[in-house]
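Each value in this text was obtained by applying a stated rule to the coordinates, not by laboratory testing. Because the structure is predicted, anything quoted here is derived from the model rather than measured. Methodologically, a virtual Cβ is constructed for each residue, glycine included, from the backbone with ideal geometry; neighbour enumeration extends over all protein chains shown.
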Amino acid sequence: MALNYIAKYFDLNEVQRGHFESLIPLYMEWNERINLISRKDIANLELHHIVHSLAISRFIDFVPGSEIIDLGCGGGFPGIMLAILYPKSYFLLIDSKKKKIMVVNEIINALGLENAVGIHGRAEELKNKKFDFVVSRAVAKIDQLKLWSKNLIKSKSIHSIPNGIIALKGNLDIEKSLLSKSDYFESVALNTYFEEDYFKEKHLLYVQH
């Protein structure tokens, strides 16, 4: 399986390359049974979904031992992609849709990823568990993500930037209006990372905890 876009933008070792080569047919197969990705867009899986998810790694390099939660992971984006890239970090993927979490765990198991697990539930149900970062993709507006995340983020940071939320977004005008004046945030246009037209209207939004 050729990794046209992934290999273009990311330096992969042999294990990571093998995982991504296996990942694409796995998603193709599962998407026939459960609608993880729009049927109209499944042909664009590598660029629109995998590379898009990996944009987070251009903003931050997760350190070994870090713990990340993917809120509303859906079919596993971006959590599974990041787990492949960061085998020494731990990823918890959570979603309220049981069928999607079933597929997430099937894919994790098929790849043999030992640093990721999917659970069925909601963020507010998690007790006594905290993470360095909350990541999300196309889940909810930033004010809702802040509400869900307020008790999930560790106060002590081990990264070059403070812990917080890293969300992949489209247009940021509405998102920024939902932040308070006391919020520290940064945003990055994804076309600074990737040259394809798909990323012209895509952004990354980081909100410090």
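Summary of values
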| read-out | value |
| --- | --- |
| Top positive-direction residue, dipole computed over the chain with Cβ charges, set GLY79, SER149, GLN208 | SER149 |
| Eligible lysines near LYS200 by straight Cα distance, threshold 28 Å, same-chain separation 8 or greater | LYS8, LYS40, LYS141, LYS146, LYS169, LYS176, LYS181 |
| Dipole in debye (nearest 20) - the range 4-208, about Cα centre, beta carbon charges: Lys, Arg +1; Asp, Glu -1 | 740 |
| The range 4-208: projected area of the alpha-carbon convex hull, averaged over directions, in nm² | 10.9 |
| The chain: DSSP helices with Cα axial extent of at least 27 Å and average Kyte-Doolittle hydropathy no lower than -1.0 | 14-33 |
| Pairwise centroid distance, computed over Cα atoms, of the range 136-208 with the range 92-135, Å | 20 |
| Average Cα contact separation per residue, the chain, under 8 Å, 6 or more apart, as relative contact order % | 17 |
| Over the chain: helical MRE at 222 nm, DSSP H runs n ≥ 4 each giving -39500 (n - 2.57), nearest 500 | -8500 deg cm²/dmol |
| Unit Cα scatterers, Debye sum, the range 28-105: log10 I(q)/I(0) for q = 0.17, 0.18, 0.23 Å⁻¹ | -0.67, -0.74, -1.11 |
| Ranked list, fewest to most other Cβ atoms within 10 Å of each Cβ, for LEU26, LEU168 | LEU26, LEU168 |
| Selected from LYS156, LYS130, LYS88 as most flexible by GNM, with the chain as the system and alpha-carbon contacts under 10 Å | LYS156 |
| Neighbour-count order for LEU126, LEU82, fewest beta carbons within 10 angstrom listed first | LEU126, LEU82 |
| Cα convex hull of the range 118-185 - mean projected area over all directions, nm² | 5.4 |
